[in-house]
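Notes follow the structure.
The values are calculated or read from the model by the stated rules, or taken from the named source; none is laboratory data. The structure displayed is predicted, hence computed values, not measured ones. Because the Cβ atoms are built from the backbone with ideal geometry, glycine has one as well, and the counts that use them run over all protein chains shown. Only protein heavy atoms, including side chains, enter the accessible area calculation; ligands, DNA and RNA are left aside. Shrake-Rupley method; radii C 1.70, N 1.55, O 1.52, S 1.80 Å.
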Amino acid sequence: MRKAVLVTGASSGVGLALCKRLLEEDHELHLCLACRNRSKAEAVRAALLASHPLAEVSIVQVDVSDLQSVFRASQELRQRFQRLDYVYLNAGIMPNPQLNIKALFSGLFSRKVIHMFSTAEGLLTQEDQITADGLQEVFETNVFGHFILIQELAPLLCHSDSPSQLIWTSSRNARKSNFCLEDIQHSRGQEPYSSSKYAVDLLSVAVNRNFNSRGLYSSVVCPGTMVTNMTCGILPPFVWTLLMPIIWLLRFFANAFTLTPYNGTEALVWLFHQKPESLNPLTKYLSATTGFGSNYVMTQKMDLDEDTAENFYQIC
């Protein structure tokens, strides 16, 4: 029986690279592309089938920043599938990222310079906005839309005979200092991306507490620092050209510079082969790349406690 895998944000970046790599691992998967733009999804589907004709590749149109779209997609998926073995919650945004010049220059002359570049901690601020649902756009896209999606898909995910797995795309930039239970949408702050990724970590832990007994397990990964559509807009193209030699050099000192979406999917693909019940729910799995370009997976204990995770889950 084919394994069924759902990937959100599958038409570009990490999501697209993940789909290609998953089909290399198992060319008979049923891979469902959950994308906002249907025409892009159709083009990706055609390319994947051309390379892997034995696979089954389908599409569901969903915009996780629109709750009505999430409900419609969930209903469609419940009608089409009896179960989902893996759900990669990968779609996300970092709107209008702005470089904090003051933090950049102060960090350049500190001992934390490599850490700063590999995590972007303190370097980026974003201008958030309100969606049609009345929620902060980053929170709804990166966190709440996915939360509603898994709640709606629970009948496809909870099976005692064989476990299903949720795999969230988090970040090394998920900082406890940027998250507050009294402002879970980060409406009063300037780092909604970091806050949303910390919220993802909390939700993953809470899902394990609430759903492991029903056969559903959750993990979080960080794909590392890459050049994608999300990051290209932070700096002008000529600046990226100037920075790339420095970034290549930094890879010998910091393994977080995966640089390409293909490399960034290392931890996501690794989890595809693991028994989810054997994984530590408080561990984040990190894609890493050596200075010579070899990919591997690292682990990191998440900076959170289970009571906070449960409280956040109840608030959502």
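For first residues located in the range 186-198 and closer than 15 Å to Cys316 by Cβ, partners that are among the basic types (Lys, Arg) and lie 6+ apart or on another chain with Cβ distances below 7 Å form the pairs Tyr198/Arg175; Tyr198/Lys176.
Selection within the range 48-80: residues that are in contact with a Lys or Arg (Cβ under 9 Å, 6 or more places away or on another chain) and surrounded by fewer than 15 Cβ atoms within 10 Å (Cβ to Cβ). The member of this set that is nearest to Glu152 (Cα to Cα) is Glu56.
For the range 283-309, the set of residues classified as open to solvent by less than 40 Å² (accessible area, probe 1.4 Å) and farther than 18 Å from Ser195 by Cβ consists of Thr283, Tyr285, Leu286, Ser287, Ala288, Thr289, Gly291, Gly293, listed by residue number. Against the criterion of being surrounded by 15 or more Cβ atoms within 10 Å (Cβ to Cβ) and part of a helix (DSSP H, G or I), Arg45 qualifies.
Listed here are the residues, each with its yes/no results for (1) under 19 Å from Lys301 (Cα atoms); (2) modelled with pLDDT of 95 or more.
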{"residue": "Ser110", "(1), (2)": "no, no"}
{"residue": "Ile114", "(1), (2)": "no, no"}
{"residue": "Glu121", "(1), (2)": "yes, no"}
{"residue": "Gln151", "(1), (2)": "no, yes"}
{"residue": "Leu156", "(1), (2)": "no, yes"}
{"residue": "Ser164", "(1), (2)": "no, yes"}
{"residue": "Ser170", "(1), (2)": "yes, yes"}
{"residue": "Asp201", "(1), (2)": "yes, yes"}
